[in-house]
Amino acid sequence: MGDFAVMMAKKGWIDAQPTPNRATGAYCTSFADPKEPRIFMTFEGSMNNVLTLAHELGHAWHNWVMQDLPRYKLFTP
């Protein structure tokens, strides 16, 4: 998981720099093509930010390990 988090950071797949007019909060999304997760959040160095980033990395990891499954099977019983 640590290697995955480093890869996400090195590839620029975590957008967390505070910028003017950026709202607080966080979310993770995944794209069908290319099959890459992205994390968007505002990181200002608090422990809450660390926990939020860890939470979103969990979503990203889930998307990453499921990337080769057909998308329609992810949502049908």
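The values are calculated or read from the model by the stated rules, or taken from the named source; none is laboratory data. Because the structure is predicted, anything quoted here is derived from the model rather than measured. Positions of Cβ are backbone-derived with ideal geometry, glycine not excepted, and every protein chain shown enters the neighbour counts.
From the set of residues in the range 30-42 that are under 13 Å from the mean Cα position of the chain (by Cα) and among the hydrophobic types (A, V, I, L, M, F, W, C), which is modelled with the lowest pLDDT?
Initial filter on the range 30-42 (under 13 Å from the mean Cα position of the chain (by Cα)): 30-31, 35-42.
Those left that are additionally among the hydrophobic types (A, V, I, L, M, F, W, C): 31, 39-41.
Working: Phe31: 76, Ile39: 96, Phe40: 94, Met41: 95.
The residue in question is Phe31.
Output the residues belonging to the range 10-36 that are closer than 13 Å to His55 by Cβ and either loosely packed, with under 10 Cβ neighbours inside 10 Å or in contact with a Cys (Cβ under 6 Å, 6 or more places away or on another chain) (or both).
Selection gives Gly25 alone.
Considering only residues that are surrounded by fewer than 18 Cβ atoms within 10 Å (Cβ to Cβ) and either part of a strand (DSSP E or B) or acidic (Asp, Glu) (or both), which ones fall in the range 37-65?
Across the range 37-65, the qualifying residues are Phe40, Glu44.
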